[in-house]
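Enquirer: Pasting a structure here, questions to come.
The values are calculated or read from the model by the stated rules, or taken from the named source; none is laboratory data. All of these numbers come straight from a predicted model, not from anything done at the bench. Cβ atoms come from the backbone with ideal geometry, glycine included; neighbour counts cover every protein chain shown.
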């Protein structure tokens, strides 16, 4: 059995604007007013790591993990007040195909948990909470992806997977896949030029006409 690990924002959902708006607004509501919004400047691109870095700047201390539970409740409330999130074109079609063909599926997101669930719900995408690894317990993308793989092994009762394919829209997704020695599929317009320059074998703008079997052949040839 092969495993496909999906990022969420920009990969399955058009949610970057809503996520960033709610994220910054929620930080401000907790008194975090001095915020570095140059997201590319952070060592790790996860909500928990970035939140902790800004928390330290504003309060000269790390936050307690229980703070994340308060934070995600407020962030979810803010996201619910914004424009509903839509799926990347063809995303549900791809998920349906993979499930029909008995691929294992997992989700690894740099988002904290409750907002991640909301995005998938609003975009009307299939998911199972048991298959979603988030930033609630991890600061790094590598730890989140590894957590998703562990969750998938438990869910599908698999000791191992023949191939693991990581799918994402960000440069951090590509780097994480390389760090973990996973196959990688890039998606979206944002980093198209970089993906091409990096010569990744498979890249697509969306999922509307994507042929996964052709992609797999290119990845494991």
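Enquirer: Test residue 135 against the criterion of being modelled with pLDDT of 95 or more, part of a loop (DSSP other than H, G, I, E, B), at negative phi and surrounded by fewer than 16 Cβ atoms within 10 Å (Cβ to Cβ), and give yes or no.
Expert: no
Enquirer: When you go through (1) in contact (Cβ under 8 Å) with a residue 24 or more places away in the chain; (2) more than 26 Å from residue 91 (Cα to Cα); (3) in a helix (DSSP H, G or I) one by one for residue 24, which number turns out not to apply?
Expert: (1)
Enquirer: Related question: Please go through the stretch 188-209 and give me each residue that is touching a helix residue (DSSP H, G or I) at 6+ places or on another chain (Cβ under 6 Å), part of a loop (DSSP other than H, G, I, E, B) and modelled with pLDDT of 90 or more, ordered by number.
Expert: 201, 207
Enquirer: Counting only residues that are surrounded by fewer than 17 Cβ atoms within 10 Å (Cβ to Cβ) and within 20 Å of residue 145 (Cα to Cα), how many does the stretch 33-64 have?
Expert: Residues that pass the stated criteria total 4.
Enquirer: Restricting to the stretch 81-106, count the residues that are under 19 Å from the mean Cα position of the chain (by Cα) and closer than 27 Å to residue 32 by Cβ.
Expert: Residues that pass the stated criteria total 2.
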